[in-house]
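So the structure is just underneath, and the comments pick up after that.
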Amino acid sequence: MDAARKVPFNDFTGSNKSADVDVVARVLSSGRLILGDQVRNFEAAWASRCGVAAAVGVGNGLDAIEIGLRALGIGPGDEVITTPMTAVATILGVMRAGATPVLADIDPATGLLDPQSAERCISSATRAVLLVHLYGQVRQMDRWISFCSANDLLLLEDCAQAHDAVDTGKVAGSWGAFGAYSFYPTKNLGAAGDAGALVTSIQSVADAARSLRNYGQSNRYEHTIFGLNSRLDEVQAAILMERLSSLTDETSKRRTIASAYRAGIQNSAVTLLAEPLEPENHVNHLFVLRSMQRDALQAHLRNFGVETLIHYPIPAHAQGPLASLKRDPQGLLASETHARTCLSIPCAPHLTGEDVNYVIDAINRFAPE
Ligand SMILES: *Cc1c(COP(=O)(O)O)cnc(C)c1O
């Protein structure tokens, strides 16, 4: 093994720098910095990419969730079923809309919400299920569509990790009343800072979201609802538009890396999550292993120069300020176990084939006590 090799989890140092600088220069010299053509163009491109009627550019993924819920009139007194195994922003978005998150457990094979647990979380106050397409996976969406219609609930999607994930010909964000996207720099489509979007085919939701992101303004200086300031800006929109042209290539690189990991990783102390049912279901935002000796495995890989992260080490209900959240009466054991055993290994487009083989070799050499 090449002891000097370093495999970083992400690497933005070389990413399209000169193209980005050109884009920024063009926007700056246009003189228009907020809510202009760049945002309109990106919104049109992203809506079409997702197969929905409208995309509304907002400041980040958390705001997209809050704005989407408020646009649907979901707020105080309403419950939203979601997962504790997610970025805390999912839960905060629900809480900022004034609604009550109710946590259902995950399926340990995938890390995705478990329908049986979700069923136990339904009460007379439940309005919606907010699915998180964790790690880039959409899976059996028809099941969730039936679940929601049988229980008279809205389906909502946190798509922050699932850009371009497809199931039965439809794209993440197109099943729900809305899909919330983040373009945080580490996401599969990342801006050069914070950025997000809400996608929807419901015209009234798109209209309300456009107003909410801009102080609740309907006409200039006329504010018909309490809004916030969460506008995608022109510079980020232009950068996203430019980077969108590489997304297909980058997703296929991620899939190639994930296939190599599936074929190459062979260690009895390590298990993989379930394979996607169809390759298009998974955009491999993250490649996640599980091991009962997770911390030792992480230290072993660090010694080999392989950077790993944990998504997520603390489930939402174990975060101090969220400790009293409502949850499945049978508990959230699968989420707690996952938090103790999961490990994300590098799976981004900057990796070379040699890096991937090196990571596989390092994992296969792990021999716990
Ligand atoms: C990144 C992420 C968010 C939050 O997006 P921000 O743009 O950072 O606010 C929400 N949900 C999930 C699942 C995420 O991965």
Residues located in segment 217-232, provided they are closer than 21 Å to G36 by Cβ and either out of contact with any Phe, Trp or Tyr (no Cβ under 8 Å at 6 or more places or on another chain) or surrounded by 16 or more Cβ atoms within 10 Å (Cβ to Cβ) (or both): Q217, S218, N219, R220, Y221, E222, G227, L228, S230, R231, L232
Going by the structure shown, is R243 in contact with an Asp or Glu (Cβ under 9 Å, 6 or more places away or on another chain) and free of Cβ contacts under 8 Å to residues at least 40 places away in the same chain? no
The condition from (1) more than 11 Å from the ligand (Cβ to nearest atom); (2) farther than 24 Å from L72 by Cα; (3) open to solvent by less than 20 Å² (accessible area, probe 1.4 Å) that A172 misses is numbered (2)
Scan segment 242-275 for residues that are open to solvent by 40 Å² or more (accessible area, probe 1.4 Å) and in a loop (DSSP other than H, G, I, E, B) and jot them down. S245, Q266, S268, E275
In this structure, does A334 turn out to be under 23 Å from the mean Cα position of the chain (by Cα), modelled with pLDDT of 95 or more and either of a type outside the set (S, T, Y) or in a loop (DSSP other than H, G, I, E, B) (or both)? yes
If you take the residues in segment 101-128 that are crowded, with 20+ Cβ neighbours inside 10 Å and farther than 22 Å from A274 by Cα, which one is nearest to the ligand (Cβ to nearest atom)? P101
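Considering each residue of segment 276-296, count those that are under 19 Å from D167 (Cβ atoms) and buried (at least 21 other Cβ atoms within 10 Å of the Cβ), and give that number. Spell out how you get there, then give the answer.
As a first pass, look at segment 276-296 and keep what is under 19 Å from D167 (Cβ atoms): 276-286.
Now restrict to residues that are buried (at least 21 other Cβ atoms within 10 Å of the Cβ): 281-286.
Going through segment 276-296 one residue at a time, the tally reaches 6.
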Which ones in segment 69-94 are in a helix (DSSP H, G or I), under 18 Å from the mean Cα position of the chain (by Cα) and either surrounded by 24 or more Cβ atoms within 10 Å (Cβ to Cβ) or without any contact (Cβ under 8 Å) to a residue 60 or more places away in the chain (or both)? L69, T90, I91, L92, G93, V94
Among L62, L131, which is the only one that is within 28 Å of E280 (Cα to Cα), within 14 Å of the ligand (Cβ to nearest atom) and assigned to a strand (DSSP E or B)? L131
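The values are calculated or read from the model by the stated rules, or taken from the named source; none is laboratory data. On a predicted model such as this, the values are computed, not experimentally measured, just so you know. Please note: Cβ atoms are built from the backbone with ideal geometry, for glycine as well, and neighbour counts cover all protein chains shown. SASA here: full protein model, heavy atoms, side chains in, ligands and nucleic acids out. Shrake-Rupley method; radii C 1.70, N 1.55, O 1.52, S 1.80 Å.
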